[in-house]
Amino acid sequence: MSAVVGRLKMMRVVLAVVLLAESMPLAMAFGQGGATSIDNVRFEASADLIKIYYDLNAPVDVVHDVRITLRRESDITFTYRPLNITGDVGTIVFPGQKRRVVWEILKEFPDGLQGDDFYFVIDAEHVEPEGTTPWLWIGGGAAVVGGVVLLLSLGGKDEPVIPVPPNVFPQPPTRP
């Protein structure tokens, strides 16, 4: 009986740890206010590549759609969206420091760009995954907790002893 009580106490501790671990991302998202910011935008140009770096500050579990636009200080109407880009850009980008995008500029501008007054604007928009909301996770968590509590409350009672059926296999034949 004491082994069962010990197991119940251990299961309650494990349950509490699991609940805390599961609620941390949601608490962090609410604690940070869900604000998204982009900092430290910089780029390095080589002969055929431009590497763009930025920091995407947002809750860790939030996915973003990141878009990059090339602008020019001397011409406010100049706007260009690079096509041959790879890296931390597009519809699935997670927050973090030192995000990197590589643009193969010569594929779009074979002669390069003349001037030194270009800069990049990076836009990041929160992407809500289809069909999932925080309320779904909260409701699912509540259902799991309810089920575990029910199992724990029923598990403390003495279980009925199930009789073991007699050996149903025939006896081996005797030797002659």
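The values are calculated or read from the model by the stated rules, or taken from the named source; none is laboratory data. Model, not experiment: these values are computed from the prediction. Note that each Cβ is placed from the backbone with ideal geometry, even for glycine, and that neighbours are counted across all protein chains shown.
Values as computed for the structure displayed
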| item | result |
| --- | --- |
| Number of positions in region 59-90 that are on the phi > 0 side of the Ramachandran plot and either assigned to a loop (DSSP other than H, G, I, E, B) or at pLDDT 90 or above (or both) | 1 |
| The listed residue being at pLDDT below 85, under 17 Å from residue 67 (Cβ atoms) and either of a type in the set (Asp, Glu) or surrounded by 11 or more Cβ atoms within 10 Å (Cβ to Cβ) (or both), out of 127, 102, 93 | 127 |
| Qualifying residue in region 107-119 (condition: out of contact with any strand residue (DSSP E or B) (no Cβ under 6 Å at 6 or more places or on another chain), in a strand (DSSP E or B), at pLDDT 65 or above and over 20 Å from residue 42 (Cα atoms)) | no |
